[in-house]
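Peer 1: Following this message is one structure expressed as structure tokens.
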Amino acid sequence: MPGGGSLLNGRGMPDYGGGALTAPVVVTCLMAASGGLIFGYDIGISGGVSEMESFLKKFFPGLLKGTSPHGSKDVYCVYNSQALTAFTSSLYAFGMVGTLVASRVTRRVGRQAIMLLGGSMFLVGALVNAAAANLAMLIVGRTLLGLGLGFSGQATPVYLAEMSPPRWRGRFITAFPLFMSVGYLVANLVNYGTARIPVWGWRLSLGLAAVPAAVMVAGAALITDSPSSLVLRGKNDLARAALQRVRGKGVDVDAEFSDILAAVEHDRRNEEGAFWRILRRENRPYLVMAVAFPVFLNLTGVTVTAFFSPILFRTIGFGSDAALMGAVILGLMNIGGVVASGFAMDRYGRKLLFMIGGALMFTCQVAMASIVGPHLGNGSKMSKGYAMAVLVLTCGFSASFSWSWGALYWTIPGEIYPVEVRSAGQGTAVALNLGLNFVQAQCFLAMLCCFKYGIFIFYACWLVVMTAFAMAFVPETKGVPLDSMGHVFARHWYWGRFVKDHKFGNEST
């Protein structure tokens, strides 16, 4: 349609030019996605540092006796310390606060500035942690790290969705969890090495978090803001130049830019804030997704497995070095799963990944319960053969998670929201995820002590629920242009009663 709206492809979706990969879009998206390094590094470093004797001696000397605070000899309860879990969980509590703050200011300062601020706070927090002289100083550092995670987690996936060509969007957004997996792997390799350094090895582990933070700061400083974010702030000329740059010289971006302008104009016609808009009936599916995805992500059980994998492996009978090496292997499996997911989701769609990943994760959880239950009890540790079987199953679970929920958690919420609720939707999802991370990190060791091997059955049951939800209520978004996502929801068997096609400008009729 000349002068505005985009042409429609065979699926009734707008079909923009500039779908080919260009060097600027690859470089820009990879620089932004590098923010995932700080997520992954901190998740990996926290569990490993919690295993180091020099760290425990300085901050948690009671745990060196090999008992819980209540003196229990139960192997499930050895590490049940609320102070120790506070070291990990405090970061996610403040990450939730950071996300909510970022959601309110990102429309005024832009996504690039939010990523830059997030990386800077994480950098300072890493240095404070490395120099920590007492538990209070350690928590202050974790607070800064959490705020940095909240800012970067709110802005980065949306930025990637806005900058990526539609046909490649899944792969580019998957770069964020891929960098998370790389950060997790690097953290465990660092822990494996620094565990051999007496007295100050833990300081090196925590301080090296400054490296991925510096990478993110440098990346955020070098990239341009997204066209949608620039238009929201009235910088239309800069927005068009940014879009032209990432789509390639000579590519006609008129249709895509017109749709961005139309979406932003629709946003401006609504005077109330984005957090109020997402509560409207027509935005019901986006609100449900913003809540359901982080809830189900945490109920896979992978978050606490990643946090405490060295402790979990120690519980089932591995030595300290073997437990850390087991966490390294988990990191490799994460990377493999995310890479495979990135190639598969834009070719076969998102729903297939949910189905395969859910089935495999359920199988691994049930199998782990059947092995751990009969062979691990009070005062005993598991034999080497059974411990190795649990390690293999944990690796299979980790790869299956990365293939499905691990990658799609960042992909789908980052791409489905219309511009008028994009900041609120992504902010709600990330804040709720970090809040639930806090609850789980604070409660997992107590749950392990209470549920024992039943913890695996608990998560397995939730895997059935979330896989059914994904198959029934999450629409297929493969190849759909970002500003036309409403068409998909309007045609969904259930969400169509809330979302009307005429709301989104270009119609297929």
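The values are calculated or read from the model by the stated rules, or taken from the named source; none is laboratory data. Fair warning: this is a prediction, and the values are worked out from it, not measured in the lab. Glycine also receives a Cβ, built like all others from the backbone with ideal geometry; neighbour counts cover every protein chain displayed. Accessible surface areas use protein heavy atoms only, side chains included; no ligands, DNA or RNA. Shrake-Rupley method; radii C 1.70, N 1.55, O 1.52, S 1.80 Å.
Peer 1: Using R₀ = 51 Å, calculate the FRET efficiency as 1/(1 + (r/R₀)^6) where r is the Cβ-Cβ separation of Leu279 and Val392; round to 0.05. Can you show the working numbers first?
Peer 2: Details: r = 46 Å, r/R0 = 0.90.
Once the sixth-power term is evaluated, E becomes 0.65.
Peer 1: Each residue of the range 399-404 in turn: what ³J(HN,Hα) in whole Hz from Karplus with 6.51, -1.76, 1.60 and θ = phi - 60°, glycine and Pro shown as x?
Peer 2: 5, 5, 5, 4, 5, 10
Peer 1: Related question: Given a 1.4 Å probe and the protein chains all in place, what does the accessible area of Lys500 round to, in Å² to the nearest 10?
Peer 2: It works out to around 90 Å².
Peer 1: Between Asp254 and Ile457, what's the calculated FRET efficiency when r is the beta-carbon distance and R0 is 56 Å? Round to 0.05.
Peer 2: Details: r = 56 Å, r/R0 = 1.00.
Plugging the Cβ-Cβ distance into 1/(1 + (r/R0)^6) gives 0.50.
Peer 1: Next question. At 0.36 nm per residue, and after removing the present C-alpha to C-alpha distance, how many nm does the segment from Val291 to Trp493 gain when stretched out fully?
Peer 2: Working: separation 202, 0.36 × 202 = 72.72 nm, distance 2.01 nm.
Full extension of this stretch gives 70.7 nm more.
Peer 1: Ignoring ligands, DNA and RNA, how do Phe39, Phe179 rank by accessible area with a 1.4 Å probe, largest first?
Peer 2: Working: Phe39 10, Phe179 50 Å².
If we order Phe39, Phe179 from most to least accessible, we get Phe179, Phe39.
Peer 1: Could you give each residue of the range 89-106 its phi-based ³J(HN,Hα) in whole Hz, using Karplus coefficients 6.51, -1.76, 1.60 with θ = phi - 60°, and x for Gly or Pro?
Peer 2: Each residue's phi maps through the Karplus curve to give 6, 4, 4, 7, 5, 6, x, 4, 4, x, 5, 5, 5, 4, 4, 7, 9, 5 Hz.
Peer 1: Using the heavy atoms of the protein chains and a 1.4 angstrom probe, tell me the accessible area per residue for the range 418-466 in square angstrom. Can you show the working numbers first?
Peer 2: Values: 1480 Å² over 49 residues.
Roughly 30 Å² per residue, with all protein chains present.
Peer 1: Could you go through the range 329-346 in sequence order and give the Karplus-derived ³J(HN,Hα) for each residue, using 6.51 cos²θ - 1.76 cosθ + 1.60 with θ = phi - 60°, rounded to whole Hz, and x for Gly and Pro?
Peer 2: Taking θ as phi minus 60°, the curve returns 4, 4, x, 5, 5, 4, 4, x, x, 5, 4, 4, 5, x, 6, 7, 5, 7 Hz for the range 329-346.
Peer 1: Once label points are set 7 Å from the Cα along Cα→Cβ at both Gln82 and Leu127, what is their separation, rounded to one decimal in nm?
Peer 2: Taking the two extended label points, one gets 3.5 nm.
Peer 1: Report, by chain and number, residues whose modeled amide H sits under 5 Å from the one on Ala195, excluding near sequence neighbours (fewer than 5 apart, same chain).
Peer 2: Those qualifying (amide H under 5 Å, at least 5 residues apart or on another chain) number zero.
Peer 1: For the range 99-250, what does the accessible surface come to per residue with a 1.4 Å probe? Please give it in Å².
Peer 2: Values: 5380 Å² over 152 residues.
Value for the range 99-250: 35 Å² per residue.
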